[in-house]
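Remarks on the structure that follows.
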Amino acid sequence: MGEQDDVEERFRRLVAEMEPGSSPPLPKASRASMREVKREARQRKKAAARPPQPPAPHRAYLEAVSDLPGRGARRRTRRPRPARLHSERVRTISIGVAVLAIMASVIYFQWFRAATSTAVADPTVPSSDSAPTPGVGEANEPLGNPPVVEDQPGRYSFVATQAGSTAPVAYDPCRPIHYVVRTANAPRQASSLLSSAFATLSAATGMTFVDDGPTTEIPTGQREPYQPSRYGDRWAPVLLGWATPQENPGLADDVIGLAGSASRSVPGGPRVFVSGEAAFDVAWFRRSLTTAGGRAEAEAVVLHELGHVLGLGHVADASQVMFAMERPKVTTYGVGDLAGLARLGGGACEPRL
Ligand SMILES: [Zn+2]
């Protein structure tokens, strides 16, 4: 309990620093070790040195974390080795809320760089440098239908919605979602982890996923959705890969995965995801996949990140995979996740992209 109190105290302190006047009163002095305090100071310094980030994802993360009752962290601290690694992560994440909010370095993070682009392909104009020939792979109707599930308002969220509507930005269900996997740094279990996750996603969305094989491309978070020299005249397949913090700085500190998708639209048409990317932390997966129960946790992280790729955002409900922090006991999509995925499977077909 002592450790948990400590974590919560620092959480409140950090939030108070961020939002003066709107936070719970500060309890008195921390019992944190000097090492932790120094670490916090280093993180803050680092955060202060970074440029300001777009506000939306931070707020979403803060909301999710603000609701944290600390249960997950407490449960984790009870786990035997090597779970200590997890507890450290969780503790750092709990105490580092304000820091994370500033530097956007959440345990799971969606990047929006490409998604905020407004570049569009005019349907009357042949493909340009920034877009392939429209309609590659497009069928006349959706390739499958999402299952009918009970809606679970508040238990799922979307990364983005259509202008003036609550309808999500989603992939085009009339064409398969192709993906490539970076083989370098991938764990031995990569292929089974991914095929199992895509089977789950296919059932949850009605969408079709196609494995286009290996790639040498590194998921850096700075990816162009159209790369004709590498992938030909089509939107680049979704890139999935394991990377180190050196290869993808977004994976530094406590981040174990990052994912997002890029959207495009034509004038008057819906915004549609055209390509995406997910990066998984090499070290975390190596550790997890060699521990008892770690395989299930690794699967959950893959499901979480692929949920982001398809368009799910974070939720405050800690029983859902799309909760912002990895929780060892939540290893399969919950009813909220599944309700969100079903809606994402019912997106608009857009042959003009
Ligand atoms: Zn996430």
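Below, the figures for the structure above:
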quantity	calculated
Flag if residue 258 is crowded, with 23+ Cβ neighbours inside 10 Å, assigned to a helix (DSSP H, G or I) and either in contact with a helix residue (DSSP H, G or I) (Cβ under 9 Å, 6 or more places away or on another chain) or β-branched (Val, Ile, Thr) (or both)	no
The range 103-160: number of residues that are surrounded by 18 or more Cβ atoms within 10 Å (Cβ to Cβ) and modelled with pLDDT under 50	13
Check on residue 199, assigned by TED's automatic domain parsing to the domain that holds residue 315 and of a type in the set (A, V, I, L, M, F, W, C)	yes
Search result, residues across the range 310-336 that are among the aromatic types (Phe, Trp, Tyr) and within 13 Å of the ligand (Cβ to nearest atom)	323
Count of residues meeting criterion [in a helix (DSSP H, G or I) and either surrounded by fewer than 24 Cβ atoms within 10 Å (Cβ to Cβ) or without any contact (Cβ under 8 Å) to a residue 60 or more places away in the chain (or both)] in the range 285-296	6
Every residue from the range 220-255 that is in a helix (DSSP H, G or I) and within 16 Å of the ligand (Cβ to nearest atom)	250, 251
Members of the range 265-304 that are under 26 Å from residue 130 (Cα atoms), of a type outside the set (A, V, I, L, M, F, W, C) and within 16 Å of the ligand (Cβ to nearest atom)	276, 277
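The values are calculated or read from the model by the stated rules, or taken from the named source; none is laboratory data. On a predicted model such as this, the values are computed, not experimentally measured, just so you know. Virtual Cβ from ideal backbone geometry, glycine too; neighbours counted across all protein chains shown.
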